[in-house]
1. Any residue in segment 55-78 that is modelled with pLDDT of 90 or more and charged (D, E, K, R)?
2. Regarding segment 113-120, can at least one residue be identified that is touching a Phe, Trp or Tyr at 6+ places or on another chain (Cβ under 7 Å), exposed (fewer than 12 other Cβ atoms within 10 Å of the Cβ), modelled with pLDDT under 95 and not polar (S, T, N, Q)?
Amino acid sequence: MQHEARGNAEGPGPRSGELTVPMAWLYAEYIADELLRTGDLMPPTSFEYRAGRDALALTIFLSDSRGELSGIRVVTQLETWLSLTAYDQPWQDWVRGRMALLSEDAEATGESVPDLELAELAWRWLQETELLAPDLDAVPGGGPVPGDEEGPKVWTPAWRLGLPLGHLAIHLF
């Protein structure tokens, strides 16, 4: 979904000093939020939920290469998002590559892209924030430590927790 641009005497685009609404990012975030709420996997006020929402929003936003994300196409994109968020995929490398391409495009045009700025903030939060979570790489059959009912926990980057949460939410949708 592209920004709404209004024509003026200087040509198309926002007028000087006019606010450009980051509709593509906000829409991606809305879709991610709806997928997670439908799955009812985590309380919406938790950091884990935020990690899942941001990981899904990034996936949705960055996979929309033609700026055509619309309500009707959401259902057709679910398989794409599932494949991008699958466990065996290098999601973080894909995000870095897509962000770099979008940044290069923005630099080439010399325009501020508020959607990209919000996506960069989400990506930075997902990389820099660590959450205490079940050890997703624990040896199967190792069993929990006596007295620890939830099993081993480790500090992990938010994206490593949010990505499988988002993937599961898509499945449950």
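1. no
2. no
The values are calculated or read from the model by the stated rules, or taken from the named source; none is laboratory data. Since the model is a prediction, treat every value here as computed from it, not as a measurement. In this analysis, Cβ positions are derived from the backbone assuming ideal geometry, glycine residues included, and neighbour counts consider all displayed protein chains.
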